[in-house]
Amino acid sequence: MENYDAVLAIKRIKIMELYFDTVQRAFQIDRNLLNNGPIGEMLSVLLNYYEGGQWLEDYQADEQGMLPKELKRGILSQDGFYNFLSELND
């Protein structure tokens, strides 16, 4: 984590939080909203974040205390996004 940029990570996590909240709300309203348009794009970004390794890096930085405590970090919970993906596949 030597080259980890916490400032950039904070911005990224805030964006991922916004996307995650938006996608979850859309899913509750009408899961078809996730198939295309802006909501579909947000979901795609979230999937890339989670599956591409950046999520794990941010998670590890958080575990090491590199991120501020007041930062909203639901996206970094081990189960939050994974459980949501499981709901999508059901």
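At a glance:
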| quantity | calculated |
| --- | --- |
| Peptides ranked, highest mean first, by Cβ atoms within 10 Å: ranges 44-54, 78-88, 18-28 | 18-28, 44-54, 78-88 |
| Selection from A61, Y82, M16, by position along the positive dipole direction of the chain (Cβ) | M16 |
| Gained length - D79 relative to D21, 0.36 nm times residue gap less alpha-carbon distance | 19.4 nm |
| Read-out mean projected area of the Cα convex hull in nm², derived from the coordinates shown; its label in (i) 5.8; (ii) 5.4; (iii) 6.4 | (i) |
| Rounded percent of accessible protein surface that carbon and sulfur make up, the chain, 1.4 Å probe | 50 percent |
| Solvent-accessible heavy-atom area per residue, rounded to whole Å², over the chain at 1.4 Å | 64 Å² |
| For the chain, calculated [θ]222 nm from helices alone, where every DSSP H run of n ≥ 4 adds -39500 (n - 2.57) | -21500 deg cm²/dmol |
| Helix 6-29 axis, angle to the chain major axis (alpha carbon atoms, nearest 10°) | 20 degrees |
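The values are calculated or read from the model by the stated rules, or taken from the named source; none is laboratory data. Please read these numbers as outputs of a predicted model, since none were measured by experiment. FYI the Cβ positions are ideal-geometry reconstructions off the backbone, even for glycines, and counts take in every protein chain you see. Only protein heavy atoms, including side chains, enter the accessible area calculation; ligands, DNA and RNA are left aside. Shrake-Rupley method; radii C 1.70, N 1.55, O 1.52, S 1.80 Å.
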